[in-house]
Every structure is written in C-alpha cells, then in structure tokens.
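Down below is the structure, laid out as structure tokens.
The values are calculated or read from the model by the stated rules, or taken from the named source; none is laboratory data. Quick caveat: nothing in here was measured; it's all calculated off a predicted structure. Quick reminder, even Gly has a Cβ in these numbers, built from the backbone with ideal geometry, and neighbours come from all protein chains shown. Protein only, heavy atoms only, side chains kept; ligands, DNA and RNA dropped before computing areas. Shrake-Rupley method; radii C 1.70, N 1.55, O 1.52, S 1.80 Å.
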Amino acid sequence: SVVGNLEKGYKIKPGALESAAVIVRIGTADVLALAGGRNPGYAGYNRALDARRQIGSTIKPAVYLTALERPDIYTLGTLIDDGPVTVKLPTGKLWQPKNYERESHGRVPLYQALAHSYNQATARLGMQVGLDAVTQTIRKLGYEGRVQEVPSLLLGSVAMSPIDVAGMYHTIASEGFYTPLRAISAVYTEDNL
C-alpha cells in the first residue's frame, strides 16, 4: 500500500502514520467526505476537525490575492524580487527566509513566484502589501481563528486544521464567494419528517 511504502521509506513504525482529508463541493460548500485518521481508538478526536498544524506554503495564495487586490500596482506579470530578504523583528533579531532549494531566482513575474512557491519573493511581497492586509485577506477567505501578525505568517506559521484550510480554499475555488462549510443537509424526526 502507499501508506505502507511511506512508513517504510521514512522508517516510521507500521501503523503510526496518520492523515486527514476533507472533500468539499465547490459552490455549495457541502462537505462530501471527511477522514479524520486511521485509528478510531481515540474517542472523539478527529484529525480533520481537531488537529492544528502550521500550514506552510498553503497560506501563500492569500499573500498573492492581497497583492492582486491592488491592480494599479500588482498584476500577474508584475516582476518581484526573489533575492535574499531580511526583516528586522521588534526583538532586534533578523528574519531571513530562504527558498526550499536555497537558490535565488532574481526578478520573476508574480505568477511564477506563486507557481514555484518561492519563499523569498513571497516574504518580500507580503511585507510590501502589509501583514495587516494579508490577515484581512485570510479573514475574507473565511478563517476565524487566531492569526499572529508576524513576518513568518507569510510562509505559513499560522496553525489551522484541515477543515479550516478546506474552507479557505473553497472560497478561492468559488471565485471569492465565501460560504461556510456545511456537513448537515437535513435533520429528520424519528417519524422521518
């Protein structure tokens, strides 16, 4: 099985690898399927609803959407710098994100920076549009949880559950129309009424 191969490849104890999945119908926001883990032994714990992890690059579309809301400044073809970036934090420490492959790519079109998930370009763009504006976009996408406005937010330091992420991406897939996800389509009495 795929899971068995992953566990062997990463030397994980057999049966220890867990995951979660949420499948949503675009437009209606109906939750069609939800898998909260492989071990039903944890009564009441569902990874799709309850597990909160930093979402990493999954947050990047919010940064780019924030920029694209300013069409007088940013378009998909706007060149942005994917060179080294340094942000001085209030503590005096320096935040210096690097790209996954530890290479810089110079000036690249905005769409390419997103498509290749360039950390440096995303961090620079996010600082230019502002952490508060990116946070507002995350809220418009439907996330109501805690968001700490720190530079690392731009690269996904916010912790969300899979259902939270599915809700945000549903808004994107629905052309920006936010609809809360729903899993209940009807409630009947014992007489089927």
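Using every pair of distinct Cα positions in the stretch 1-89, the Kirkwood expression returns a hydrodynamic radius of 17.6 angstrom. Across the stretch 99-109, rounded Karplus estimates of 3J(HN,Hα) from the backbone phi angles (6.51 cos²θ - 1.76 cosθ + 1.60, θ = phi - 60°) give 6, 3, 8, 6, 10, 9, 10, x, 7, 10, x Hz, Gly and Pro being marked x.
At a 1.4 Å probe, what is the % contribution of carbon and sulfur to the accessible area of the stretch 95-193? Walk me through the intermediate numbers first.
Numbers: 2890 of 5670 Å².
Taking all protein chains in place, the stretch 95-193 shows 51 percent carbon and sulfur surface.
Coordinate range of the alpha-carbon atoms in the stretch 73-193 per principal axis, descending: 66, 35, 28 Å. The phi torsions of the stretch 110-127, fed into the Karplus equation with coefficients 6.51, -1.76 and 1.60 and a -60° offset, translate into couplings of 3, 4, 6, 4, 6, 4, 9, 6, 6, 5, 5, 5, 5, 4, 4, 4, x, 5 Hz, rounded to whole numbers, with Gly and Pro shown as x. Largest accessible area first, the listed residues Lys11, Lys93 line up as Lys11, Lys93 when surface is computed with a 1.4 Å probe on the assembled protein chains. Put Asp132, Asp191, Asp82, Asp72 in order of accessible area, highest first, and with a 1.4 Å probe you get Asp72, Asp191, Asp132, Asp82.
Rolling a 1.4 angstrom probe over the protein heavy atoms, how many square angstrom per residue are accessible across the stretch 1-142?
About 61 Å² of surface per residue is accessible.
The angle between the Cα long axis of helix 162-173 and the main principal axis of the chain comes to about 60°, on a 0 to 90 degree scale. Each helix, a run of at least 4 DSSP H residues, gives -39500 (n - 2.57); summed and divided by the residues of the chain, these come to -8500 deg cm²/dmol at 222 nm. Across the accessible surface of the stretch 48-92, with the other protein chains kept in place and a 1.4 Å probe, carbon and sulfur atoms take up 57 percent. Packing around the peptides 162-171, 25-34, taken as the average count of other Cβ atoms within 10 Å per residue, puts them in this order, highest first: 162-171, 25-34.
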